[in-house]
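Beneath this line is the structure, given in structure tokens, with notes to follow.
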Amino acid sequence: MRPQHFVAASLLSIGTYASPLSQVKSKLVVKRQGPGSYYAITGPTGGVQPRLEIRDLEKTGNMWNLYLLAMTEFQAMDQSLIDSWYQIAGIHGMPWIEWDGVSGSTEDRDVGQMGYCPHNMLLFGTWHRPYLTLFEQKLQQIAISIAGRFPTSTRLAYQTAASQLRIPFWDWAKALPTSQPVVPTALSVEKVDVTFPNGTAASIDNPLYDYNFHPLDNSQINGTGCPPNSGTGGLPVVCDTKTSTIRASQDFNDNATLDSRLRAILTSQRSTLYKILSQWQNFDQFSNNGNCGGTQGRIGSLEGLHGPIHTRNFPGHMSPTAVTAFDPMFWFHHANVDRQLALYQAVFPETYMGTCAADTPTFTIDRGESLDASSGLTPFHKNAAGDFWSSTDARSIQNMGYTYPELVRNPPNATLVASIKAQYSGPADVPVTAPKSAKRDDKNATTTELYLAQVNLPLYGLDNGVGGASAYDVLVFVGDVSGSPKNWTHSDNFYGIASTIGGGIQSDQIAITTVDLSEALQKGIDSGATTKGEAVDYLKKNLRYRLQIGNVKIPREKVKDLKVSLISTKVEVAQSDDVFDRWVGGFKEHGEVDG
């Protein structure tokens, strides 16, 4: 517990909220909903404004100061209030209660399905839009209130900043010199400097560093949010005893370890992001792991890409899905996931959601239920009358009051493609200076062969022993794998990661993702170990994979039906910076590997 959060909050407001130190009521939600009284999620005010990358928001002066003050006051709200940080975060999973009067079912459900978030199904991407909008709406309301408390000389500037304030995103796939952390310092420093409306300047506890439960109520946040009942996303001690959210540890907020883990997978994450943004697949194949869109694609999915940011936090709060949304990092992470979804929509506007059955249940979705763009994104009401948001409503982010820097002024497709290539097609440690196609050994080639490791990933395949499924990572290597599991992703032979966050069920649902082996093959060619003509034999001989969570090795036999195979496809090489390379001609199968 870091009590200065509440000291800072007391300087911001006088009687605005109930005391944050008051005991949480046994019935956290007062059943007051009725006709015309639902919590309306209408989005932020002030027109369409861009959500900024958090490192850019940090440079904005008044807006950054206001943001820190608003986040501090937001976190200090009485946990019994429906729009408190605690209750909005709790929509995702724990504390397993109704929100805004939206009832669900406990029939044929473990406690791990009593959250509302639709993982591994059709609605994954679009469900998070009104969720983020709810958070953004409340954050801005607090910011507007704070702006009005500043003296006349600065009030207008702060009110303007409040009208433009949107939730920031954290671009964890951004190319960064190795001297700069992947986890922004804005998230990892314990203290920040702010100026309060009364003119007082102070160093306060950083509200982006953690969230303090006030109080920690073990009847609400407890071991059921970690194993055994919700999958080994974390450890029981994390949910059971910690008074604040922590990262990459069971004892403290270990941002240094987390940064090291994310730096190690940065090249893989960039490659996967570039792959799924640059190659056409229908919206349902792109957006989720739900086996939707006909046959599942072999390019990869947005949900699959987002998973390692959670699993690399093991065993902290960002890893167990039941408690992940309490950590401030969750909101920056998912704003970035939403940005990636918006970029895909802009590049491929002709495809959108079809129809697909839910493979897994949530509190309000039954297993096997048919879902489509008109399905309610429960528990989010778009008006006081009680109408739910749908994916049709959430298709346009501009209609929800926000956009992203790349999409401001609705750029033409060629401009957007060039922007994506410039950001993500090159090395992880330097800005991109040339298109990916120009970096090949044969600059005049019009076609090339792309080799991929295909991972058939059982999403709920690792039995946790009590009816649920544990989270785990599959690490892909080309070459020998040695040393401690702690150092596997730091190996020169590591080339990619596939992750599942597990859950409170067991099923045979499988997601398919691919890892680009171009860099590994080129390294072999440059060293004289192989040639282009011997690529298949070289890769099959040297392709390896290992399973782990955190620093713990998972025996391969624990996950049946996990398969890693070698495939390839022809690629038409783009001849300009504003066109993507294009995968053509389907895939060649080169067999399963067991290395």
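The values are calculated or read from the model by the stated rules, or taken from the named source; none is laboratory data. Note that the coordinates shown come from a computational prediction; the quantities given were computed from them, not determined experimentally. So basically every Cβ, Gly included, is an ideal-geometry build from the backbone, and we count neighbours across all protein chains shown. What goes into the accessible areas is simple: the full protein's heavy atoms, side chains included, and nothing from ligands, DNA or RNA. Shrake-Rupley method; radii C 1.70, N 1.55, O 1.52, S 1.80 Å.
Scanning the stretch 112-127 for residues that are touching a strand residue (DSSP E or B) at 6+ places or on another chain (Cβ under 9 Å) and either of a type in the set (Phe, Trp, Tyr) or not in a loop (DSSP other than H, G, I, E, B) (or both) returns 112, 113, 116, 126, 127. Of all residues in the stretch 499-518, at least one satisfies being over 30 Å from residue 362 (Cβ atoms), out of contact with any helix residue (DSSP H, G or I) (no Cβ under 8 Å at 6 or more places or on another chain) and outside any strand (DSSP E or B). Selection within the stretch 392-430: residues that are assigned to a loop (DSSP other than H, G, I, E, B) and among the polar types (S, T, N, Q). The member of this set that is surrounded by the most Cβ atoms within 10 Å (Cβ to Cβ) is 425.
Exactly one residue among 346, 373 is farther than 23 Å from residue 47 by Cβ and of a type in the set (A, V, I, L, M, F, W, C), and that residue is 373. Residue 389 satisfies every condition listed in (1) at pLDDT 95 or above; (2) in contact with a Lys or Arg (Cβ under 6 Å, 6 or more places away or on another chain); (3) open to solvent by less than 10 Å² (accessible area, probe 1.4 Å) except (3).
Residues that are open to solvent by 10 Å² or more (accessible area, probe 1.4 Å) and either part of a loop (DSSP other than H, G, I, E, B) or among the aliphatic types (A, V, I, L, M) (or both) do occur in the stretch 48-56, at least one of them.
Test residue 397 against the stated conditions and say whether it is touching a Leu at 6+ places or on another chain (Cβ under 7 Å) and modelled with pLDDT of 95 or more.
Working: touching a Leu at 6+ places or on another chain (Cβ under 7 Å): no; modelled with pLDDT of 95 or more: yes.
So residue 397 fails the test.
Regarding residue 455, is this residue in contact with a Lys or Arg (Cβ under 7 Å, 6 or more places away or on another chain), at pLDDT 95 or above and either aliphatic (A, V, I, L, M) or not assigned by the TED database to the domain that holds residue 536 (or both)? Judged against the criteria, residue 455 is not a match. Residues in the stretch 262-271 that are in contact with a Pro (Cβ under 9 Å, 6 or more places away or on another chain) and part of a helix (DSSP H, G or I) were compared, and the one that is farthest from residue 302 (Cα to Cα) is 263.
Which of the residues spanning the stretch 448-475 are of a type in the set (Ser, Thr, Tyr) and outside any loop (DSSP other than H, G, I, E, B)? Talk me through it step by step, then tell me what you get.
Step one: list which residues in the stretch 448-475 are of a type in the set (Ser, Thr, Tyr), which gives 448, 451, 460, 470, 472.
Answer for the stretch 448-475, where residues must be of a type in the set (Ser, Thr, Tyr) and outside any loop (DSSP other than H, G, I, E, B): 448, 451, 472.
Does residue 366 count as in contact (Cβ under 8 Å) with a residue 60 or more places away in the chain and closer than 18 Å to residue 393 by Cβ? Write out each step before concluding.
Values: in contact (Cβ under 8 Å) with a residue 60 or more places away in the chain: yes; closer than 18 Å to residue 393 by Cβ: no.
So residue 366 does not fit the description; no.
Residues in the stretch 519-531 that are in contact with a helix residue (DSSP H, G or I) (Cβ under 8 Å, 6 or more places away or on another chain) and either without any contact (Cβ under 8 Å) to a residue 60 or more places away in the chain or hydrophobic (A, V, I, L, M, F, W, C) (or both): 520, 521, 524, 525, 529, 530, 531. Restricted to the stretch 231-261, and to residues there that are part of a helix (DSSP H, G or I) and modelled with pLDDT of 95 or more, the residue that is most open to solvent (accessible area, probe 1.4 Å) is 256. Would you confirm whether or not the stretch 379-386 contains a residue that is among the small types (Gly, Ala, Ser), over 29 Å from residue 75 (Cβ atoms), under 20 Å from the mean Cα position of the chain (by Cα) and surrounded by fewer than 24 Cβ atoms within 10 Å (Cβ to Cβ)? The answer is no, given that none of the residues of the stretch 379-386 is among the small types (Gly, Ala, Ser), over 29 Å from residue 75 (Cβ atoms), under 20 Å from the mean Cα position of the chain (by Cα) and surrounded by fewer than 24 Cβ atoms within 10 Å (Cβ to Cβ).
The set of residues in the stretch 477-515 being aliphatic (A, V, I, L, M) and open to solvent by 40 Å² or more (accessible area, probe 1.4 Å) consists of 510 alone.
Each residue in the stretch 101-153 was checked for being modelled with pLDDT of 95 or more, open to solvent by less than 20 Å² (accessible area, probe 1.4 Å) and of a type in the set (S, T, N, Q), and 4 of them qualify. Residues that are in contact (Cβ under 8 Å) with a residue 60 or more places away in the chain and in a helix (DSSP H, G or I) within the stretch 78-92 comprise 85, 86, 88, 89, 90, listed in sequence order.
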